[in-house]
1. Taking N as the number of residues in the range B:125-299, what is its Cα Rg relative to 2.2 N^0.38 Å?
2. Check which residues have an amide H placed less than 5 Å from B:L372's amide H, if you skip close sequence neighbours.
3. Show B:M109, A:M89 ordered by accessible area, largest first, where the area counts protein heavy atoms only and the probe is 1.4 Å.
4. Keeping all protein chains in the complex and leaving out DNA, RNA and ligands, what accessible area do you get for B:V196 with a 1.4 Å probe, in Å² to the nearest 10?
5. Please name which of B:L167, B:S529, B:P39 has its Cα lying farthest along the dipole of chain B towards the positive end, using unit charges on Cβ (Lys, Arg +1; Asp, Glu -1) and the Cα centre as origin.
6. Could you give the angle, 0 to 90 degrees to the nearest 10, between helix B:343-356's Cα long axis and the longest principal axis of the Cα atoms of chain B?
7. Arrange the residues B:W287, B:W266 by how much accessible surface each exposes, largest first, with a 1.4 angstrom probe.
8. Using a 1.4 Å probe, what is the accessible area per residue for the range B:445-569, in Å²?
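The values are calculated or read from the model by the stated rules, or taken from the named source; none is laboratory data. In this text, all values refer to a predicted model and were calculated from it rather than measured experimentally. All Cβ positions, glycine included, derive from the backbone under ideal geometry; neighbour counts span all protein chains shown. Accessible surface is based on the protein model in full, side chains and every heavy atom, while ligands, DNA and RNA are left aside. Shrake-Rupley method; radii C 1.70, N 1.55, O 1.52, S 1.80 Å.
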Amino acid sequence: MNLKAETLSRIDEVIPHYPVKRSAALPLLHLVQEDQGYVSSEAIEWIAEKLGLQPINVYELVTFYPMFRQKPIGRRHIKVCRTLSCAIMGGYRTCAEFQKQFETRLGDVSPGGDVTVEFVECLASCGTAPVVMIDDELHERVDAARARELSDKIKAGAPTDTGRR
Amino acid sequence: MIQPASPDLITVYIDGKEIAVPKGTNVIEAAKRVNVDVPHYCYHPKLTVVGNCRMCLVEMGLPAVDPATKAPVMDPATGKQKVNWMPRPTIGCATNVSPGLHIRTTTQMVKDCREGVMEFLLINHPLDCPICDQAGECKLQEQSAGYGRGYSRFVEKKNVKPKRTLLGPRVMLDDERCILCSRCIRFSKEVAKDDVLGFIDRGSYSTLTCYPGRKLENNYSLNTVDICPVGALTSTDFRFKMRVWFLKQTNSIDTESSAGANTVVWSREGVVYRVTPRQNDAVNDTWMADSGRVLYKEIRAAGRLDSVRVEGSESALEFALGAAAAILGKGGAAVVGSGRSTVEEQFLTRKLAEALKAKASLVSRVGEGDGLLVTADRNPNVRGALVTGLAAELPSATLGTLAEQIDSGAVTSVVSVGEDLAAAGLSEAQMAKISIIYLGTHANATSRAARVVFPTLTVFEKHGTLVNQQFRIQRFAKAVPGVAGAVDDLTVLSRLVSACGGAYLGSDVGTVWTALSAEVPALAAIRYSNIPDTGLLLDGSPWAALPFAEGASLHYKPGSAPQEAAARG
Ligand code: SF4
Ligand code: FES
Ligand code: FES
């Protein structure tokens, strides 16, 4: 496992917060995913070892929570809301536009490795639907045209941040 | 108030029947004692309670007390204490008895609960009983007949899951049949200490799986097949071989080590199809090792001896006995007995040694114990040899003394009861120097070198008893007839004894036991027929000082008096 020194120190810091080591499994999974972009089987085994568990115990968790990824993703992670408000306001069109722009399909890594586009459930910003998150930035009222603009910026390596989280 | 009959007993009422049960008993077990069936899937008496199947829902009530004074509230109509029934059902497996607890299992609410749970369990079940190996011993089948609604209201599409996953070399998984009770997971973790199974994709697609890259291949993996209440886990060996309702069950004992796990041998028309564990809470709980389950294959293994032979050619038993007696009668005879023989055979082996005025030796078979049910002593019955007086000490690793006596010419003939002398350390030259009489089931160097060979029976083909590491004498019965040509060990031994000048002691266990009880003080009070199914503890103290090979294992601590086990192992 090639974890950054900072991740390692955060891992060691977080474990003693819990009465039993086992309870640190979720925070560790988050930290490792943040560090590596996904949770590999190597990571599962590493975490199990670290917490005195068996790999199957950690694997059960990883497959239960949809937000843990078992495969690498693109450099930017585009999450398009598909819950009711966003769906009504054109979230599916937005999502299709992103896929077209990056010549990719849902869940795949786009050919150049730029992005992974995925649907997610309600992002709690229903009033400004359709809503998209790019990594941890919130983008509101993303219609197809706005999706094109954002795509161009990502392709050009330009910042997309709006300051909203 | 309810007076407990003894401090550790708690009185409860199940469907109105009063019963006193030990503290810590759960409702399922308490109900069992008054013959009330509380259907269940996930609960297993030897595993932790998880309460995830909800099949065991019952109605529960507690004796009413006045909240202020704590005085019992009486019902003027009956003159008894009132019962406060809970408005909602509760699971019986996770409810331990408390004084005055009332349980109802026959009410409409309980009936509705069971129907509801069954309906949910069957929603995604493939209902493929006609091609399922579990049919006939399937809890889902039994309980849907007993407690289900009888028809399905489900019109949607059923989930599709993997049908044929090999979890390990001996266990096959059909995920569609799995009802997610987690018994197999808990067994692997708690008993086999090999935590490799788990549920992934929890939700509508929950799937039992083995961690990718690992296998369920520990030596206890087949117990998961036994405890799986449905046909999700099947044995690769038994799968598709035979319908269980055609099979005859015979109580037997696992002979792979001195643990003496209790077993059931399943056979039909003289053919054994499988061996499974039989519950004995003082010995093996409900488990046995995978390695003990394949021993039945020896019955039909290549090299099985199936004819009496003298000097290499087939002969009549009568003639062979005469030939053996003639060889042994010349003097200089020695006897090699076996820790794998039954108590009865060992007794007759001793009698043979006495008739020949020969010394009897035993061959030790020591391996590594696994701390569970395969012990370090791979001879199942060394204690039997001690009890019957065949041996006074533990078998040695090699037949050193015998080898010396052969070299010096003091011993010129050897009777071996099932032991391969070559494997036990005699050289080819030493074997060539002596006349060998061999009794055994399979061909080996000794049977090939022997002048007289008596083909005998495997544990599946005869009756007898074995004494396990706890000094517990346990009985096994004949499951299938012996292979054609083989002769019962007792017949050969008894007749050899009488041919060599001893008294004839009979050739069936019952008759041999008459002599056994008369001559062996430790067995004086016992008859073959009155040994219970779970065995009888003998007094092992006369041999307490011997350095037995076994380490600690399930229900056994070396050097301590055997304890009658508590309910949980
Ligand atoms: S495979 Fe059998 S024992 Fe294991 S969880 Fe499924 S139903 Fe229960
Ligand atoms: S529905 Fe899209 S943010 Fe709530
Ligand atoms: S037996 Fe499964 S919940 Fe009680």
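1. Normalised by 2.2 N^0.38 Å, the Cα Rg of the range B:125-299 equals 1.07.
2. Amide H neighbours of B:L372, under 5 Å, 5+ apart: B:L554.
3. On the way: B:M109 55, A:M89 115 Å².
The residues order as A:M89, B:M109, largest area first.
4. Here the accessible area works out near 0 Å².
5. Farthest towards the positive end: B:P39.
6. That helix lies at roughly 10 degrees to the long axis.
7. B:W266, B:W287
8. It amounts to 42 Å² per residue over the range B:445-569.
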